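To keep things clear, I will list the structure first and then write my remarks on it.
The values are calculated or read from the model by the stated rules, or taken from the named source; none is laboratory data. Because the structure is predicted, anything quoted here is derived from the model rather than measured. For neighbour counting, all protein chains shown are included, and Cβ atoms are generated from backbone atoms with ideal geometry for every residue, glycine included.
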Amino acid sequence: MQSNIRKVSYAIPNNFVGKYLKDFLSSIGYSNDLIRHLKQTVNLDAFHLLSKNEKIEIDIVETEKSENIIPNSLLPLDILYEDEDLLIVNKPANMPIHPSQGNYENTLGNAVVNYINSEYFVYRPITRLDKDTSGVCIIAKNRLSASVMSSMMKSNVIKRSYLGLVSGNIFKIITPNRDLEIDGLSQIVNVDAIIDIPIKREDSSTIKRIIATDGEKAITKLSPLKYIKDKNISLCKFNLLTGRTHQIRVHMAHIGFPIIGDFLYNPDYTYINRQALHSNEVILMHPIKYNLLRIKSRIPNDILNLI
């Protein structure tokens, strides 16, 4: 059971001498919401003027818990890394990240709340995989790590890679010396297989995404790895350079090589009964300790058996 206080200390760098404490804290990922919380819980003086060689000590106090998430001890929880700030797990397929209508007990949130077992824990997932996408998920264990990592996600400094199986022979359109040969895409898919195509939610759907010129910027790096000839499918590696909902799935369907088993964009279950997409690695700077973390997850059997 974790404590409700995370104690941190900082040596103030010279370039913040004479500036407000809130300016320093904002620069290292403290959100406005977290600074307000500190004012209320530990009387933080956000307008304290920093001096040379000053050391600041702060207590991050948890005052809430995830009351609406029911602990479930029967769910699997494959832990890849844990310390007092982070919990990184390998999420199986067919497990939603959050409880929702119709599924209040069989989600990653239920498994994590049961594992942490604390009246002071709020479930704060940072990387949010689709229900049927397996692999690495990062959960913040306190307000501070959640605030800093949310800032890191917005700045795209958490590097995420995926493995996926797509329909067709991707090597037919990707070679070292030419663009992807797809009508209308020569301007947006280059020799490095960078897919830069905006995405937005389809008006008639709450979950489906579509390609749209007025959508949000979405960039996926595509690296072909292997062609499985007898099944006419290709193994690819994907790196997210932005983090839009269904980004890989929409991009690959759009260029004619959809993820196999994708119920929304390619409902072909010949070889697998879920979308063949796995988050296999994340690389990030620890949000508080600042050491580099590289976390990998093993390929699940349903994908491994196909390759």
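Please indicate, with yes or no, whether at least one residue in segment 183-203 is touching a strand residue (DSSP E or B) at 6+ places or on another chain (Cβ under 9 Å), at positive phi and at pLDDT 95 or above. No, that holds for no residue.
Within segment 250-263, restricting attention to residues that are in contact with a helix residue (DSSP H, G or I) (Cβ under 7 Å, 6 or more places away or on another chain) and assigned to a loop (DSSP other than H, G, I, E, B), the residue that is surrounded by the most Cβ atoms within 10 Å (Cβ to Cβ) is Phe257. Scanning segment 264-295 for residues that are exposed (fewer than 14 other Cβ atoms within 10 Å of the Cβ) and under 18 Å from Thr127 (Cβ atoms) turns up Leu292, Arg294. Residues considered: Ser26, Ser66. Of these, the only one that is closer than 19 Å to Met149 by Cβ, out of contact with any Pro (no Cβ under 9 Å at 6 or more places or on another chain), modelled with pLDDT of 95 or more and not aliphatic (A, V, I, L, M) is Ser26. Residue under question is Ile60, and the condition is that it be of a type in the set (A, V, I, L, M) and either within 30 Å of Ala11 (Cα to Cα) or surrounded by fewer than 11 Cβ atoms within 10 Å (Cβ to Cβ) (or both); does it hold? So Ile60 passes the test.
Note on segment 100-149: among residues that are part of a loop (DSSP other than H, G, I, E, B) and of a type in the set (Gly, Ala, Ser), the one that is farthest from Phe263 (Cα to Cα) is Ser118. The residue that is surrounded by the fewest Cβ atoms within 10 Å (Cβ to Cβ), counting only those in segment 1-43 that are of a type in the set (Ser, Thr, Tyr) and assigned to a helix (DSSP H, G or I), is Ser27. Does Ile97 satisfy being of a type outside the set (Asp, Glu), touching a helix residue (DSSP H, G or I) at 6+ places or on another chain (Cβ under 6 Å) and part of a loop (DSSP other than H, G, I, E, B)? Taking the combined requirement at face value, the residue satisfies it. Summed over segment 209-229, the residues that are outside any strand (DSSP E or B) and either loosely packed, with under 15 Cβ neighbours inside 10 Å or of a type in the set (A, V, I, L, M, F, W, C) (or both) give a count of 6.
Listed here are the residues, each with its yes/no results for (1) at pLDDT 95 or above; (2) in contact with a Ser or Thr (Cβ under 8 Å, 6 or more places away or on another chain).
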residue: Thr213; (1), (2): no, no
residue: His251; (1), (2): yes, yes
residue: Arg274; (1), (2): yes, no
residue: Leu293; (1), (2): yes, no
